[in-house]
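Structure first, then comments.
The values are calculated or read from the model by the stated rules, or taken from the named source; none is laboratory data. No experiment lies behind these values; they were computed from the predicted model shown. Positions of Cβ are backbone-derived with ideal geometry, glycine not excepted, and every protein chain shown enters the neighbour counts.
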Amino acid sequence: MAERALRAVGATGLFVLCVGAVGCMTTDGLAGGGEPSGAATGSVTPKMVFVTSRVYGATLGGYSGADAACKAAADASTLDGMHGKKWTAVLAGSSTTLGEAKWSMPSGDVVAATTAALIAGKLETELASDENGNVTMYTDPRDVWTGGTIGAAPIADCARWTSTNATAIVGHPIDTDTTWDLGPAPCASQEHLYCAEL
């Protein structure tokens, strides 16, 4: 089966991060020496990212089921500006493209100044705010389903989020480095989701 990758369209071109190997990054338009392809220009668009207030089993119904869970959480938010938007679950192996953006939580705190910083785990604050703007992750011991390093091929993803067998990779939402999306947990557990606005 073909590998899936989370891509990020930046102001300098198309980043394809860690396809098939953790830690690699290529940049179309810079590393390739050519012109940026479909690059966005102008100011960086502000977008929202949050961790769900509820937890889910690993049988999410695949990537599309995880995306639907994010949309349902956002549509049920008590905050204005969360409803009727397109959302994606932030999972390793996702084929969804995230546009270049400045990422903030519903609480108003900036998480990452760019999409590249978000994916690289260079966060300005913990991604701990849920869809209602509440920061509850400090008292909730559970983690967040990720499947591996964001932007990479999945390391362990509970059979593409359809099984409770084996072990998956999860993230720690109170961390601001690469561990925000990388750590082990059994597929039989219940965890949160990271959700990003499209």
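If a residue must be buried (at least 17 other Cβ atoms within 10 Å of the Cβ) and either at pLDDT below 95 or farther than 22 Å from A166 by Cα (or both), how many such residues does the stretch 53-62 contain?
Final tally of qualifying residues: 1.
If you go through the stretch 46-80, how many residues are under 21 Å from K102 (Cβ atoms) and more than 17 Å from the chain's Cα centre (by Cα)?
Matching residues across the stretch 46-80 total 3.
Among the residues of the stretch 128-136, is any small (G, A, S) and under 16 Å from the mean Cα position of the chain (by Cα)?
Going residue by residue through the stretch 128-136, those that are small (G, A, S) are 128-129, 133.
Then keep just the ones that are under 16 Å from the mean Cα position of the chain (by Cα); that gives 128-129.
Yes; the residues of the stretch 128-136 include at least one that is small (G, A, S) and under 16 Å from the mean Cα position of the chain (by Cα).
Please indicate, with yes or no, whether at least one residue in the stretch 66-75 is in contact with a strand residue (DSSP E or B) (Cβ under 9 Å, 6 or more places away or on another chain), at pLDDT below 95 and not aliphatic (A, V, I, L, M).
Looking through the stretch 66-75, none of the residues is in contact with a strand residue (DSSP E or B) (Cβ under 9 Å, 6 or more places away or on another chain), at pLDDT below 95 and not aliphatic (A, V, I, L, M).
Would you tally the residues in the stretch 87-100 being part of a strand (DSSP E or B) and either under 12 Å from C195 (Cα atoms) or at pLDDT 95 or above (or both)? I'd like the intermediate steps shown before the answer.
Narrowing the stretch 87-100 to residues part of a strand (DSSP E or B): 87-89, 97-99.
Filter once more, keeping what is either under 12 Å from C195 (Cα atoms) or at pLDDT 95 or above (or both): 87-89, 98.
Total satisfying the criteria: 4.
Only one of D75, D130, D109, D67 is charged (D, E, K, R) and free of Cβ contacts under 8 Å to residues at least 12 places away in the same chain; which? Break it down stepwise before answering.
Working: D130 fails: free of Cβ contacts under 8 Å to residues at least 12 places away in the same chain; D109 fails: free of Cβ contacts under 8 Å to residues at least 12 places away in the same chain; D67 fails: free of Cβ contacts under 8 Å to residues at least 12 places away in the same chain.
Only one candidate passes the filter, namely D75.
Taking the stretch 143-198, which residues are outside any loop (DSSP other than H, G, I, E, B), modelled with pLDDT under 90 and closer than 20 Å to P106 by Cα?
G171, W180
Taking the conditions exactly as written (farther than 27 Å from D157 by Cα and either at pLDDT 95 or above or assigned to a loop (DSSP other than H, G, I, E, B) (or both)), does T78 satisfy them or not? Break it down stepwise before answering.
Details: farther than 27 Å from D157 by Cα: yes; either at pLDDT 95 or above or assigned to a loop (DSSP other than H, G, I, E, B) (or both): yes.
For T78, the condition - farther than 27 Å from D157 by Cα and either at pLDDT 95 or above or assigned to a loop (DSSP other than H, G, I, E, B) (or both) - is met.
Name the residues in the stretch 52-76 that are touching a His at 6+ places or on another chain (Cβ under 6 Å) and among the β-branched types (V, I, T), would you?
If we filter the stretch 52-76 for residues that are touching a His at 6+ places or on another chain (Cβ under 6 Å), which is where we start, we get 52, 55, 75.
Matches in the stretch 52-76: T52, V55.
Which condition number in (1) modelled with pLDDT of 90 or more; (2) in a strand (DSSP E or B) is the one that N132 fails?
Of the numbered conditions (1) modelled with pLDDT of 90 or more; (2) in a strand (DSSP E or B), the odd one out for N132 is (2).
Go over the candidates D130, D157, D109, D143 one by one and state the one that is more than 22 Å from A68 (Cα to Cα) and of a type in the set (D, E).
D109
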